[in-house]
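Data block below; observations after.
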Amino acid sequence: MTLTLATAQALLELGVRSAEAEGAEIAITVLDERGVLTGVVRMDRAVPASAQASHAKARTAWLFSCATEQLSAFGPGIASASDEPICTFAGGVPLVARDRVAGAVGVSGGPEPTDARIALLLAEEFGRVRADERPHTEKE
């Protein structure tokens, strides 16, 4: 269930195309199943801090196995759950394959709804691609 460099690059490209279609300038981070950086891109006019913020969102989604905005309900105390920076703004989503977290994606730089929409699109695309790679049985 390894998230390959080719898959990470495809997700980054899809995210950039989606941001361009919305007129947003963003950064995107992709982490693998161990939470290790696999790919990052910052669009030309995205603020420099968006790259670090996208990484924090991806890392938070990976650590907690949920979308980052779901953690906002826990309030500021959630930050004490890890030694790492925790980001509860929308735009971080785990990448799931075969009911297991296979990585995470973080999007930052646009309005929160845009970041969340693009992150979810990338997670859905990852799930669709991974489902297509499953071996087919005679029952299917």
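The values are calculated or read from the model by the stated rules, or taken from the named source; none is laboratory data. Keep in mind it's a predicted model, so treat the numbers as computed, not measured. Every residue, glycine as well, gets a Cβ built from its backbone with ideal geometry; the counts of neighbours run over all protein chains shown.
Sub-8 Å Cβ pairs linking a first residue in segment 1-27 that is under 12 Å from A119 (Cβ atoms) to a second residue that is modelled with pLDDT under 95 and part of a helix (DSSP H, G or I), at least 6 apart or interchain, are L11/E125; L11/F126; L14/E125, ordered by first then second residue.
Residue-wise test of (1) assigned to a strand (DSSP E or B); (2) modelled with pLDDT under 95; (3) among the basic types (K, R); (4) under 18 Å from S18 (Cα atoms).
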residue	(1), (2), (3), (4)
V105	yes, no, no, yes
D115	no, no, no, yes
L122	no, no, no, yes
R130	no, yes, yes, no
E138	no, yes, no, no
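Quick one: would you say G39 is in contact (Cβ under 8 Å) with a residue 60 or more places away in the chain and surrounded by 13 or more Cβ atoms within 10 Å (Cβ to Cβ)? No; evaluated as a whole, the condition is false for this residue. Here A6 clears all of (1) on the phi > 0 side of the Ramachandran plot; (2) loosely packed, with under 12 Cβ neighbours inside 10 Å except the condition numbered (1). Scanning segment 75-86 turns up no residue that is touching a residue at least 40 places away in the same chain (Cβ under 8 Å) and either part of a loop (DSSP other than H, G, I, E, B) or not hydroxyl-bearing (S, T, Y) (or both). Examine segment 54-77 for a residue that is surrounded by fewer than 19 Cβ atoms within 10 Å (Cβ to Cβ), closer than 20 Å to E125 by Cα, modelled with pLDDT under 95 and of a type outside the set (S, T, Y), and state whether such a residue exists. Taking every residue of segment 54-77 in turn, at least one turns out to be surrounded by fewer than 19 Cβ atoms within 10 Å (Cβ to Cβ), closer than 20 Å to E125 by Cα, modelled with pLDDT under 95 and of a type outside the set (S, T, Y). The set of residues in segment 1-32 being at pLDDT 95 or above and in a loop (DSSP other than H, G, I, E, B) consists of G23, A24, E25, I26, D32. Residues that are touching a Leu at 6+ places or on another chain (Cβ under 9 Å) and closer than 17 Å to A6 by Cα were ranked within segment 16-34; the one that is surrounded by the fewest Cβ atoms within 10 Å (Cβ to Cβ) is E33.
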